[in-house]
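A.B. asks: Structure below; questions to follow.
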Amino acid sequence: MNAATAQLIVAGITALMQALPAIIEAIQDMNAPKKTKAELIARIRKAQESLPEWE
Amino acid sequence: MKRLRCIVSIIMLTFLVGCAGMRTENVAVSSYEIAGTVLKSAQQHAAQACTAKILDEQKCNQLKRTYRDARAAYLMAGDTLVIITDATDIVATQHQLSEYQEQVARFTQLSSDLIFWLTQWGVLKDKGGAK
């Protein structure tokens, strides 16, 4: 990994923080179709499973 | 260094342009996925450095502890994000949102620590050779 990758890591974390206002907006717009919600939840679960345990 | 900044700028711009056409929930989930990918990448490099004995046991244990805590915060944030995404009750969701913010703040702190140590200990290097 080089400095560019490290910068990407920081950018990723920043992106997560920047998502917070978007979530607040999402709370006010909860009319998303059930199918869309199911897809988003599936993506979150997949992202969670992709992180390995480190023994 | 200019080249690195240029590459990062292009990637961030691509991400932001992509986000512009998405629903807000989608932006949150995409950001969550990106954060997970970068943490996974950091863990892989840390694990390789430990396996290759580039880092001593004490440093490896420190990295492991930090990664485990960051992973735990990430998983909790994901569970909370699922509740928020699936919610229909605004009051309950706002409570979950504040929990999510706490978990993200913890995740950010731990991930930043992990990256700082990896850079400090020479696992993350600039291609030009500067640490």
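A.B. asks: Just wondering, is there one or more residues in segment B:46-63 that are under 30 Å from residue A:41 (Cβ atoms) and in contact with a helix residue (DSSP H, G or I) (Cβ under 6 Å, 6 or more places away or on another chain)?
C.D. replies: Taking segment B:46-63 and keeping what is under 30 Å from residue A:41 (Cβ atoms), we get B:46-47.
With the extra rule that they be in contact with a helix residue (DSSP H, G or I) (Cβ under 6 Å, 6 or more places away or on another chain), the set shrinks to B:46.
Yes, that holds for at least one residue.
A.B. asks: Shifting gears a bit: Taking residue B:34 and the conditions (1) more than 24 Å from residue A:42 (Cα to Cα); (2) within 7 Å of chain A (Cβ to nearest Cβ), which numbered condition does it fall short on, given that it satisfies the others?
C.D. replies: That leaves (1) as the condition not met.
A.B. asks: For segment B:90-113, enumerate the residues that are surrounded by 18 or more Cβ atoms within 10 Å (Cβ to Cβ) and polar (S, T, N, Q).
C.D. replies: B:93, B:96, B:103, B:108, B:111
A.B. asks: To continue, here is another question. Just checking, does segment B:51-62 include any residue being buried (at least 18 other Cβ atoms within 10 Å of the Cβ), part of a loop (DSSP other than H, G, I, E, B) and modelled with pLDDT of 85 or more?
C.D. replies: yes
The values are calculated or read from the model by the stated rules, or taken from the named source; none is laboratory data. These numbers come from a predicted model, not from an experiment. Here Cβ is always computed from backbone atoms with ideal geometry, including for glycine, and neighbour counts include all displayed protein chains.
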